[in-house]
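Everything below concerns the one structure shown next.
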Amino acid sequence: MAMYRAKNDLHQTVWFYESSLDQNIRERRALGDDLKQAMATRQLSLHYQVQTVVATGEVSGYEALLRWDHPTRGHVPPLEILDLADENGLIIQLGEWVLEQACRTAAGWEGNICVAVNMSASQFLEPGFAGTVKAVLARTGLPASRLVIEITEETVQRDRVRALGMAQKVHALGVRFALDQFGGKGSVLSALCDFPFDKIKLDRLVMQQVATDPKVAELVRAVTIAGHVLHMSVLVQGIETGDQLALAYSEGCDEGQGYLIGPPGNGIVALAARPVGAADSPRGLAGQKSRRFYSSAYFVPRFESSGIL
């Protein structure tokens, strides 16, 4: 028991055996048995929390929330229920029950009100999940467009390829998706707020997608605004064309990096910052594929031209 505790504790690597460790394990196993009994005797229930349109107050949907009133312990927190279900091999069965109950209840609501159901990573990444959703919708009669599946960043990060494939399959049924706990503990947004970052570097893949996906340009703008709000500069990597440089400027990015600006070298070339004329402006560079743009490492380019795009 002490060995397992030491493996799981990232801060204290030495643990000595105590009888309380055995007691905790026994209590945990007993609670797992209680959960199996609760599922069999319908001690579990779903509560529904309303979601509204902020501007009008109109009801847009409800989120299904799992509840368990234990006979002796009282209210058991939802996260503990999920942990127990995962430890005891019940997570798939529990998730299917929650999904079916939520859809069956929502099917009786008037109008086009949606129901949102949280999915654990284990259930969402299960190969037959899309088939399960399809079968539940068929049994309950709930239109697919009124079901919202909520997953977290942790689910995506656990296996991005499988998560994307499953999301595409379920979305093809007409089901909607929500990214849950965005900004919560462990999320990228939380890290941006908590860590003392001075700069955000947008990956070169973003620039590669700009030409084919208009939404990416809006994403660059949103990230730049968020960075500036958090007092961070934004650097765009992978600038290889004049069009990409023009986009970086028009969206307010602070710095650029890429072969258009300068390829990697085995030494440092000290270049003084100089005023940029119309010929070197983003408009002048737009459409060019290989012209170099010179600046020093500390020069934040601000161009004199207007109407860049």
Inset, instruction - Output the qualifying pairs, or none if there are none: Cβ atoms under 6 angstrom, residues six or more apart or on different chains, first residue in region 163-190 and touching a residue at least 40 places away in the same chain (Cβ under 8 Å), second residue in a strand (DSSP E or B). - result: Val175/Leu147; Val175/Ile149; Arg176/Val148; Ala178/Val148; Ala178/Glu150; Asp180/Glu150; Asp180/Thr152
Inset, instruction - Mind counting the residues in region 180-200 that are under 21 Å from Val156 (Cβ atoms) and either open to solvent by 100 Å² or more (accessible area, probe 1.4 Å) or in contact with a strand residue (DSSP E or B) (Cβ under 7 Å, 6 or more places away or on another chain) (or both)? - result: 7
Legend entry - Positions within region 36-51 being β-branched (Val, Ile, Thr) and either open to solvent by less than 70 Å² (accessible area, probe 1.4 Å) or over 25 Å from the mean Cα position of the chain (by Cα) (or both), in sequence order: Thr41
Legend entry - Every residue from region 96-153 that is free of Cβ contacts under 8 Å to residues at least 12 places away in the same chain and more than 27 Å from Thr52 (Cβ to Cβ): Pro127, Gly128, Gly131, Ala135, Ala138
Inset, instruction - Identify the residue in region 206-215 that is open to solvent by 90 Å² or more (accessible area, probe 1.4 Å) and of a type outside the set (Gly, Ala, Ser) and, among all such residues, is farthest from Thr241 (Cα to Cα). - result: Lys215
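The values are calculated or read from the model by the stated rules, or taken from the named source; none is laboratory data. What you are looking at is a predicted structure, and each value in this text was computed from that prediction instead of being measured. Note that we place each Cβ from the backbone using ideal geometry, even for glycine, and neighbour counts take in every protein chain shown. Note: areas computed on protein heavy atoms with side chains; ligands, DNA, RNA excluded. Shrake-Rupley method; radii C 1.70, N 1.55, O 1.52, S 1.80 Å.
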